[in-house]
Structure formats: structure tokens, C-alpha cells
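Structure record follows, encoded as C-alpha cells.
Please treat every number below as a calculation from the coordinates, not as lab data. The shown structure was predicted, so the numbers you read here are calculated from the model rather than taken from an experiment. Methodologically, a virtual Cβ is constructed for each residue, glycine included, from the backbone with ideal geometry; neighbour enumeration extends over all protein chains shown.
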Amino acid sequence: MNLVLVGPPGAGKGTQAEKLITEFGLTHVATGDMFRAAVSNGTPMGLEAKKYMDAGKLVPDDVVVGMVEERLAQDDVRDGFMLDGFPRNTHQAEALDAFLEKSGRSIDLVLNIAVDPELLVKRLTGRRVCRECGGNYHVLFSPSEAGDKCAGCGGELYLRDDDNEHTVRNRLDVYRNQTEPVIGYYRPLGKLADINGALKPDEVFEQIFKAIGATEESESA
Ligand code: ADP
Ligand code: ADP
Ligand code: ZN
């Protein structure tokens, strides 16, 4: 199964992706994580991308689309992937369909995780990420049992450069103007499942689990 997770910054895409990996063994392809890796490796692409990331803007489509097309040509996504953070505008959605079609693949289900903007600001400014394993925490909603270290690996927890209130508000505007139309792109194709992301992580996952079950049933029917 090939999935797409759509939702504003802070909706819980990364948190739900961790659960999907455990439950369904899908390979997680997160464009934000790929860019952050390029930034920390100091590659030319990373340095270019960082300018956009720090401003809360989208990295230009040609850079992103090329990177994802290359990633989805690798062997480990043959049995299924979940895209997180891509596509982020309708041009990226069209490009994705076009290059998947070349290898006889398509998107099976798009999970649209919706959360109220004010809650998103709280979630993002309180988010802490492990520098070593990428583990995801929140200072109030899901604190690490190991304090300012990662409960999983002992790594240092940090606040992302773009998780300050000013950049967060820009990212939410970009989401509304550029990414929300992606929902309108998939809805008429009958591939969209609306998920209430304001509930507890396990309750959000329960809705996702049901949506995947319904898609599997309709595809095998
Ligand atoms: P979040 O998970 O908080 O929504 P991401 O980690 O997905 O944020 O993205 C961080 C930043 O990386 C974005 O603000 C943007 O600058 C860049 N980025 C990630 N994915 C894309 C994409 N598909 N198109 C353009 N820019 C992207
Ligand atoms: P995204 O990948 O969509 O940007 P994350 O999964 O990183 O979002 O979640 C953003 C922040 O909100 C993290 O600090 C995470 O621990 C927290 N969070 C995620 N899902 C929930 C939830 N259902 N309830 C409360 N906090 C959550
Ligand atoms: Zn860790």
C-alpha cells in the first residue's frame, strides 16, 4: 500500500508515521527529514534548502520532486511507502502521479489529518526532537521520561530552528495557501480519508487504522 500523510505542520504526521512503521512495516519517506539530513551534512542542496526552511517557505518544486523521485526508485519502497510532507502543492501532486505511473504504481490512500491552528502553534513550539534517532517529544503533551534526553537512546533533545512562533505562523499560512489545495486534488479521486488530529495519538491512529482497513477491503473486492 502506498500512503500519503497530509496535514498542517504539527498535525502529528511524524508521530503517526512511527505507529504506521510498527503496525504495517511501511517505509517512511519524509521530505522534511531528508532536507534536515542534507542541512546537517552540509551538502550544497542542504545549504540551499535551509534558506527556505528557516523562512517557513517551501523549497522550490524542482529540487523536491527530483529528490522524491530518486528516493521512490529505491528497492525498500517496493512493498509500500508512506509519504510525509510531500506533496505540498498541486504541482508536486501531479508530478508524483506522473512518475509513479511510469513504474506502474499509484497512491492508494491519502490521510488528511486536520487540527485547529492555535493548537498547532502549541504543538510546534513545544516539540522536541532527538538529535540521534529522530524520536519525537512534546514538553507538555508527551515529555521524555529521561528529562532533556531521549528516552529511547539517550540522545540530546533539541528545538528545531523553524519551530519558533514567527516561523510557525508563516508555515501555517503556506499550508493554507499552497498545501490545502492538495486535499481538493485527491478528494474527487475518492482516495481521501479525513482524520481528526486533535484527539490523543492512539485515538488518531485508530481512525487511520480503520481507513487503511476500508481501503484494503475495497481494493481486494
Ligand atoms: P512539518 O513536519 O513540521 O510540517 P517538515 O519537516 O515536513 O515540517 O518540513 C520542514 C520544511 O522543509 C518546510 O517548512 C519546507 O521548507 C521544507 N519542505 C519539506 N517538504 C517539502 C516539500 N514537499 N516541498 C517544499 N518544501 C518542503
Ligand atoms: P508533524 O510531523 O505533522 O509536523 P509531529 O508528529 O512532529 O507533527 O507532532 C508535533 C508535536 O505535537 C510533537 O511534539 C508531538 O509530540 C505532538 N503531538 C503529535 N500528535 C499529538 C496528539 N495527538 N496530541 C498531542 N500532541 C501531539
Ligand atoms: Zn533518541
Checklist entry - Which of PHE205, THR125, HIS28 sits closest to the plus end of the dipole of the chain, meaning its Cα is farthest towards the positive end, when Lys and Arg get +1 and Asp and Glu get -1 on the C-beta? => result THR125
Checklist outcome for this item: Per the rule of 0.36 nm per residue minus the C-alpha distance, extending ASP33 to GLU219 adds in nm 63.9 nm
Checklist entry - Is segment 38-113 best put as rounded, prolate or oblate by its Cα gyration tensor, with a ≥ b ≥ c the root eigenvalues, rounded for a/c under 1.5, and otherwise prolate when a/b is larger than b/c, oblate when not? => result prolate
Item to check | Positive dipole terminus of segment 62-218, leading residue within SER218, PHE99, GLY154 (C-beta point charges) | outcome: GLY154
Checklist entry - Computed FRET efficiency, Cβ-Cβ of LYS149 and ASP54, R0 25 Å: what is it to the nearest 0.05? => result 0.45
Checklist outcome for this item: Residue span GLU206 to GLU132: 0.36 nm per residue of separation minus Cα-Cα distance leaves a gain in nm of 23.8 nm
Next on the checklist: Could you work out how much longer the chain between ASN170 and GLU18 gets when fully extended? Use 0.36 nm per residue separation minus the Cα distance between them, nm to one decimal.
Outcome noted: 52.1 nm
Checklist entry - Tally Lys/Arg at +1 and Asp/Glu at -1 over every other residue whose Cβ is under 11 Å from the Cβ of ASP116; what's the total? => result +1
Checklist outcome for this item: Heads up, segment 87-221 by the C-alpha gyration tensor (a ≥ b ≥ c square roots of eigenvalues; a/c under 1.5 rounded, else a/b over b/c prolate, else oblate) looks prolate
Checklist outcome for this item: Neighbours of LYS50 by Cβ distance under 15 Å: Lys/Arg at +1, Asp/Glu at -1, summed charge -1
Checklist entry - With respect to the cross-link table entries LYS50/LYS210; LYS50/LYS149; LYS57/LYS210; LYS51/LYS191, which display a Cα-Cα separation exceeding 31 Å? => result LYS50/LYS210; LYS57/LYS210; LYS51/LYS191
